[in-house]
Amino acid sequence: MQGFVVTDHHTMEWREFDKPEVKQGACLVKVDIVSPCTTDIHAFETDWRRAPYMIGRPFGHEMVGTVVE
């Protein structure tokens, strides 16, 4: 698994991730495409004070994919 992670103000890195453990009642989705919403883009580009939660997380949450597990 791989994707961009917000590492600091105006900074992202491409990273590899371990496959997460799928717990009972959950599923694993193979993401085909992902996009950030306009609010995330605005926070990343301009108003960083509103989005400290973004640091260390993959960028984008609007996804299309297939349930694989």
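The values are calculated or read from the model by the stated rules, or taken from the named source; none is laboratory data. These numbers come from a predicted model, not from an experiment. Virtual Cβ from ideal backbone geometry, glycine too; neighbours counted across all protein chains shown. With ligands, DNA and RNA removed, areas are computed over all heavy atoms of the protein, side chains included. Shrake-Rupley method; radii C 1.70, N 1.55, O 1.52, S 1.80 Å.
So, with +1 on the Cβ of K and R and -1 on the Cβ of D and E, and no other charges, what is the size of the charge dipole of the chain about its Cα centre, to the nearest 20 debye? Walk me through the numbers on the way to the answer.
Details: 7 positive and 11 negative charges, 34 e Å.
Taking the Cα centre of the chain as origin, the dipole is about 160 debye.
State, as an integer percentage, the relative contact order of the chain based on alpha-carbon contacts under 8 Å between residues 6 or more apart.
Numbers: 95 pairs, mean separation 29.5, N = 69.
Computed over the chain, the figure is 43 percent.
Of Gly60, Gln24, His42, which is farthest along the charge dipole of the chain in the positive direction, counting Lys and Arg as +1 and Asp and Glu as -1 at C-beta?
Toward the positive end, the furthest listed residue is Gln24.
Assuming 0.36 nm per residue, please report the length gained on full extension of the stretch Tyr53 to Thr11 beyond their Cα-Cα distance.
Details: separation 42, 0.36 × 42 = 15.12 nm, distance 1.39 nm.
Here the answer is 13.7 nm.
So with the 1.4 Å probe, I'd like the accessible area per residue for the chain, rounded to whole Å². Don't jump to the answer; show the numbers that get you there.
On the way: 5440 Å² over 69 residues.
On a per-residue basis, the chain sits at 79 Å².
Pick out, in residue order, every one of the chymotrypsin sites (Phe, Trp or Tyr not before Pro) in region 10-69 that is DSSP loop and has at most 11 other C-beta atoms within 10 Å; say none if there are none. Walk me through the numbers before you get to the answer.
Numbers: sites: Trp14, Phe17, Phe44, Trp48, Tyr53, Phe59; in loops: Phe17, Phe59.
Of the chymotrypsin sites (Phe, Trp or Tyr not before Pro), the ones in loops of region 10-69 whose Cβ has at most 11 other Cβ atoms within 10 Å are Phe17.
Could you sort Lys30, Lys23 by their accessible area in this structure, using a 1.4 Å probe and putting the largest first? Could you put the intermediate results ahead of the total?
Working: Lys30 115, Lys23 140 Å².
In descending accessible area the options line up as Lys23, Lys30.
Give the average over all directions of the projected area of the C-alpha convex hull of the chain, one decimal, in nm². The partial results should precede the final answer.
Details: hull surface 20.5 nm².
Approximately 5.1 nm², given one-decimal rounding.
For Thr7, what residues show an amide H to amide H distance below 5 Å, using hydrogens built from the backbone and excluding near sequence neighbours?
Met12, Glu13, Gly56
If you roll a 1.4 Å probe over the chain with all protein chains in place, what percent of the accessible area is carbon or sulfur?
On the way: 2920 of 5440 Å².
Carbon-and-sulfur percentage of accessible area, whole number: 54.
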